[in-house]
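A quick write-up on the structure given underneath.
The values are calculated or read from the model by the stated rules, or taken from the named source; none is laboratory data. Since the structure is predicted, the reported quantities are computational estimates derived from the model, not experimental observations. Quick reminder, even Gly has a Cβ in these numbers, built from the backbone with ideal geometry, and neighbours come from all protein chains shown. These accessible areas exclude ligands, DNA and RNA; they are computed on the full protein's heavy atoms, side chains included. Shrake-Rupley method; radii C 1.70, N 1.55, O 1.52, S 1.80 Å.
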Amino acid sequence: MFSALRHSLTCLALSICCTLPAYASAAPMGSIASQQTRHIATVFPGRMTGSPSEMLAADYLKQQFSQLGYQSDIRRFNTRYLYTTKEGHQSWHNVSASSVIAAREGIEPQQIIIMAHLDTYSPLSDNDVNNNLGGLTLQGVDDNASGLGVMLELAARLKDIPTRYGIRFIATSGEEIGTLGAEDILKRMSASEKKNTLLVINLDNLIVGDKLYFNSGKSTPAAVSKLTRDRALALARQLNIKAATNPGLNANYPKGTGCCNDAEVFDKAGIPVLSVEATNWSLGKKDGYQQRAKSKAFPEGTSWHNALIDNQQYLDKWLPHRLEKRSHDVVRVMLPLVKELAKAGK
């Protein structure tokens, strides 16, 4: 029964949005990303790791990549997370997660990975449930349909451009319960694949934050940071787009580096990374967690995991046109950057 339901819902989702890639070259910059963000968030809410919604969203992404001409597949893996009741009892919840990988080979074996997590927050306790954190109604517009939207637009705009280095697009599962999808991807990579991965670009939380940030990994060589993080900042300045890098106001998070997302898995493995996010590293504990100044609309200065806030209607009301503007800005910076790094047309 579920298989049939899954098939029918996926077909419905595809019929709504499958025309986007067809006019990529003529579409205004950022428009594909913003439309895909809205589509994924509203058609597939509650994309918790292992949930039916996540599986349907994974099917949708696979089909989108396939329509663009990429080799695309769903990679499933079994994992678990710990749940705590209000009485303090803990138990393991077993789940089957679904990541999506799309690829196009280059002339040479080196590759660039562009990544965004697919899953929304899974409540880890009764307290989470009581505070509307995660669950079936969480659209996850900011976290992280926004990253998926930008990834799909980049894929659409790069599909007919030959590159010297291969490009992998990966929508990971399990990020919200411990970067498990990224760990699964890394674990399955051969030694040669790791060696040939020139850069991992992670797209996450691109809408709500005050500023757009480009951060390197702690282990990313300075020469690579110059070609990636610093080049992204230079492109943003040329385009009159406000962007920054972590100022290093918290000693635990050195200047110019990011934190606490899928990119960290690859950073710890010694693979260069570039994290693209919107937040405010100058607020709160100066750890990037507080996304914006506290206000009536954002009393904690965040939208993280909150089903009442991280949804299309709420964000359109309190941050009108932000989704379209930020999608436009991110794509305008990332498209020429990826072309440069992958050596397009060479």
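Key figures
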{"read-out": "Subset of the range 52-78 [open to solvent by 70 Å² or more (accessible area, probe 1.4 Å) and of a type in the set (Asp, Glu)]", "value": "Asp73"}
{"read-out": "Selection count where residues are buried (at least 18 other Cβ atoms within 10 Å of the Cβ) and over 23 Å from Ala156 (Cα atoms), scope the range 315-346", "value": "2"}
{"read-out": "Any hit, the range 277-288, residues being outside any loop (DSSP other than H, G, I, E, B), within 29 Å of Ser25 (Cβ to Cβ) and either modelled with pLDDT of 95 or more or more than 17 Å from the chain's Cα centre (by Cα) (or both)", "value": "yes"}
{"read-out": "Among residues of the range 148-174, those that are of a type in the set (D, E, K, R) and over 23 Å from Asp329 (Cβ atoms), counted", "value": "3"}
{"read-out": "Odd one out for Ser15, checked against (1) at pLDDT below 55; (2) of a type in the set (Gly, Ala, Ser); (3) in contact with a helix residue (DSSP H, G or I) (Cβ under 8 Å, 6 or more places away or on another chain); (4) more than 22 Å from Leu138 (Cα to Cα)", "value": "(3)"}
{"read-out": "Considering residues of the range 79-95 that are surrounded by 14 or more Cβ atoms within 10 Å (Cβ to Cβ) and of a type in the set (S, T, N, Q) only, the residue farthest from Phe65 (Cα to Cα)", "value": "Thr84"}
{"read-out": "Matching residues, the range 96-123, being open to solvent by less than 50 Å² (accessible area, probe 1.4 Å) and either basic (Lys, Arg) or not in a strand (DSSP E or B) (or both)", "value": "Arg104, Gly106, Leu118, Asp119, Tyr121, Ser122, Pro123"}
{"read-out": "So Ile40, is it in contact (Cβ under 8 Å) with a residue 24 or more places away in the chain and part of a strand (DSSP E or B)", "value": "no"}
{"read-out": "Flag if Val200 is touching a Lys or Arg at 6+ places or on another chain (Cβ under 8 Å), modelled with pLDDT of 95 or more and either hydroxyl-bearing (Ser, Thr, Tyr) or not in a helix (DSSP H, G or I) (or both)", "value": "no"}
{"read-out": "Count - residues of the range 243-267 that are exposed (fewer than 14 other Cβ atoms within 10 Å of the Cβ) and in a helix (DSSP H, G or I)", "value": "0"}
